[in-house]
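The next block holds one structure in the form of structure tokens; read it before the comments.
The values are calculated or read from the model by the stated rules, or taken from the named source; none is laboratory data. On a predicted model such as this, the values are computed, not experimentally measured, just so you know. In this analysis, Cβ positions are derived from the backbone assuming ideal geometry, glycine residues included, and neighbour counts consider all displayed protein chains. Just so you know, the surface numbers come from the protein's heavy atoms only, side chains and all, with ligands and any DNA or RNA stripped out. Shrake-Rupley method; radii C 1.70, N 1.55, O 1.52, S 1.80 Å.
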Amino acid sequence: MDELRLLPSVHAVLQQNEWDRGEKGIPVSVIKKWVQEEIDALRLSLINDSYKKERGRDQFLEAVSTSVRKKLEINGAYALSKVVNATGVVLHTNLGRARLSAKATAHVLEAASSYTNLEYSLEQGTRGSRHDIIEKQICDITGCEAAMVVNNNAAAVYMVLSALAKQKEVIVSRGELVEIGGSFRISSIMEESGAYLKEVGTTNRTHLHDYTATINEGTAMLMKVHTSNFKITGFTKAVSSQELLTLKEQNPELIVYEDLGSGSLFPFTRYGIGDEPEIQRSVAAGLDLVSFSGDKLIGGPQAGIIAGKSKWINQLKKHQLARVLRVDKLTLAALEATLLSYHQEDAAREIPVIRDIVRRKEEIRDQAERIKEKLSPMYECHITEGHSMVGGGTMPEVSLPTYIIEATHPDFGAAELSRKLREQPVPVIVTVKHDRCHIDPRTVDEADEAALLSAFLSL
Ligand SMILES: *Cc1c(COP(=O)(O)O)cnc(C)c1O
């Protein structure tokens, strides 16, 4: 076929588009590969006669260029892409849970691009410990004696069990043998850790005497697990951690540990939102150890924070797993800056997760009106009252009152519109319901709003 001779060379495509020096931070080698792929695809469609557009040397050159240009736009520079979360789900697990505060972001940036005193004592001029970077701050905020940070809360649970209860019994209520999204099961992690799970009680009711009857000389720990992502209601009974602590009177060596899951340092209940346990209270109750996530309701980086009595934390710090599960300086920087907002009582203003959860309904309505105005008349828009979820497997029964913009495009159905929105340079993630695209402005901040509008209006 003569037409095949009209196909452009990689060189010609690169030159025509001035891509020979890379684009949007994408190395020229990657762009070259894409150009080659597009030329190959075009050749194939000519050979099997599925090419339906205009033919010719210039046309082929333009077709390849257009495809690569589109790819550049969609891919940006990286596989990990910023997106606009217009779902209103604050801790969206698929969208990376918490986003960091401006303070945390700035601190991460500085730590990333500099040498730091990560393991260096500036006072002594000798080797220091990375645990010291954050421990005092966690203790000040939660009231605990000692603390350490590992990779995530799943790692924290694993470490506590493995380091302190290997080949010993850990008693857990049947009502608390939870599975968290992403295949994290208490029973499986327990097995993996080498601790022996002793289940007590029933799914809906567990009594203190169930624990008492099960404790023996092989028991190392009583573990409570916060049932983050579900609620058992009706005829129920659970034993509080305070009650579990009374069992230490007869068995002083028992460790009482609570996996708080998300945990919260912010008094959401005072805003009438949920009944998430406040970490400070669990610590004050005298629990030996608690652990919680850094990137759920705390609103910081992915991390697992373990807080409690020095006796146990010191053992954990010395354990081999502490090295395996340790966090890097970026996590420590992000966590330190996030926690600083709690010290200064700026949490509701500075930490995006908290700000989004406690946002006032009226403010969201004003934002919805503003977005609607910009999208009309290109889109047909209605504003309705709705509910946002906290997400991340936390506060499952809480629904936060919000306003939703329901948008319809004159030419595309909702599924196609939502796909096109995902293909934008800054992808916008919306919810599709009843053939309409729903925008919940709760999780859309000012910068996001501009990206959202530009995505919608470019279609
Ligand atoms: C979320 C959660 C975990 C896991 O925490 P990650 O930080 O996601 O590893 C463990 N236990 C409970 C109860 C949780 O809610």
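Quick one: order Glu62, Glu380, Glu385 from most to least accessible surface, probe 1.4 Å.
Output order, biggest surface exposure first: Glu385, Glu380, Glu62.
With both bridge residues required to lie in the chain, what share of the DSSP beta bridges run antiparallel, to the nearest 5%?
60
Looking at this model, which pairs from Lys70/Lys296; Lys224/Lys296; Lys53/Lys82; Lys296/Lys361; Lys168/Lys296 are more than 26 angstrom apart at the alpha-carbon? Present the calculation step by step, with values, prior to reporting the outcome.
Values: Lys70/Lys296 35 Å; Lys224/Lys296 19 Å; Lys53/Lys82 34 Å; Lys296/Lys361 22 Å; Lys168/Lys296 31 Å.
In this structure, Lys70/Lys296; Lys53/Lys82; Lys168/Lys296 lie more than 26 Å apart at Cα.
Can you bin every Cα-Cα distance in region 140-295 into 10 Å intervals starting at zero and give me the percent of pairs per bin, rounded to whole numbers?
10, 42, 39, 9, 0
How big is region 2-74 by the Kirkwood estimate over distinct Cα pairs, in Å?
12.4
Of Ser65, Ser187, which has the most accessible area with a 1.4 Å probe, and how do the rest follow in descending order?
Ranking Ser65, Ser187 by accessible area, largest first, yields Ser187, Ser65.
Set the Förster radius R0 to 41 Å, insert the Cβ-Cβ distance between Lys53 and Glu380 as r into 1/(1 + (r/R0)^6), and round the FRET efficiency to 0.05.
0.80
For region 64-146, just the Cα atoms, rotate onto the principal axes and tell me the three extents in Å, largest first.
Computed over the Cα atoms, the extents are 62, 32, 18 Å.
Quick one: pull the percent of accessible area on region 125-225 belonging to carbon and sulfur, 1.4 Å probe, ligands and nucleic acids left out. Could you put the intermediate results ahead of the total?
Numbers: 1950 of 4370 Å².
Exposed carbon and sulfur together represent 45 percent of the surface.
Kirkwood hydrodynamic radius (Cα pairs, Å) of region 288-431?
On the way: mean 1/r = 0.0530 Å⁻¹.
Its Kirkwood hydrodynamic radius stands at 18.9 Å.
Holding the Cα-Cα limit at 19 Å, pick out from Lys136/Lys311; Lys33/Lys420; Lys231/Lys433 the pairs that are longer than that.
Lys33/Lys420; Lys231/Lys433
At a 10 angstrom cut-off on C-beta neighbours, averaged per residue, how do the peptides 289-296, 273-280, 37-44, 245-252 rank from highest to lowest?
289-296, 273-280, 37-44, 245-252
Give the relative contact order (percent, whole number) for region 2-74; include only Cα pairs under 8 Å separated by 6+ residues.
Result for region 2-74 is 44 percent.
Keeping every protein chain in place, order Arg323, Arg422 by accessible area at 1.4 Å, biggest value first, i.e. largest first. Intermediate values should be presented prior to the final figure.
On the way: Arg323 140, Arg422 120 Å².
Result of the area sort, largest leading: Arg323, Arg422.
Tell me, what is the Rg over Rh of region 154-195, with Rh the Kirkwood radius over Cα pairs?
0.95
Rolling a 1.4 angstrom probe over the protein heavy atoms, how many square angstrom per residue are accessible across region 2-74?
63
May I ask you to give the solvent-accessible area per residue for region 102-350, in square angstrom, as obtained with a 1.4 angstrom probe?
Values: 11550 Å² over 249 residues.
Value for region 102-350: 46 Å² per residue.
Please state the charge dipole magnitude for region 61-143, taken about the Cα centre, from unit charges on C-beta atoms (+1 on K and R, -1 on D and E), reported in debye and rounded to the nearest 20.
The calculated dipole for region 61-143 is roughly 420 debye.
Return one number: the angle in degrees, 0 to 90 and rounded to the nearest 10, between the long axis of the Cα atoms of helix 102-113 and the longest principal axis of the Cα atoms of the chain.
Between the helix axis and the principal axis of the chain, the angle is about 80 degrees.
So if I restrict to the alpha-carbon atoms in region 106-222, what is the Rg, and what is Dmax, the biggest pairwise distance, in Å?
19.3, 56
Let me check the size of the chain from its C-alpha atoms; what are the radius of gyration and Dmax in Å?
Expressed in Å, the Cα Rg and Dmax of the chain come to 27.1, 92.
Could you tell me the relative contact order of the chain? Use alpha-carbon pairs under 8 Å, at least six residues apart, and round to a whole percent. Intermediate results must be reported in sequence, preceding the final value.
On the way: 807 pairs, mean separation 90.9, N = 459.
Computed over the chain, the figure is 20 percent.
How much accessible area does Lys420 have with a 1.4 Å probe, in Å² rounded to the nearest 10?
50
So if I take the centroid of the Cα atoms in region 72-101 and the same for region 327-400, what is the distance between those two points in Å?
Value for the Cα centre distance between the two parts: 14 Å.
Hey, what D do you get for region 245-364 in µm²/s if you plug the Kirkwood alpha-carbon radius into Stokes-Einstein at 20 °C and 1.002 mPa s? Walk me through the intermediate numbers first.
On the way: Rh = 15.9 Å.
Translational D for this selection: 134 µm²/s.
If I take all pairs of Cα atoms in region 6-142, what percentage of them are more than 22 Å from each other?
On the way: 5869 of 9316 pairs.
So the pairs more than 22 Å apart make up 63 percent of the total in region 6-142.
Measure of size requested: the Rg and Dmax of region 377-459, with Cα atoms as the atom set and Å as the unit; please supply both.
Cα-based Rg and Dmax for region 377-459 come out at 13.1, 39 Å.
Roughly how much of Tyr342 is accessible, in Å² to the nearest 10, using a 1.4 Å probe?
Its heavy atoms expose roughly 30 Å² to the probe.
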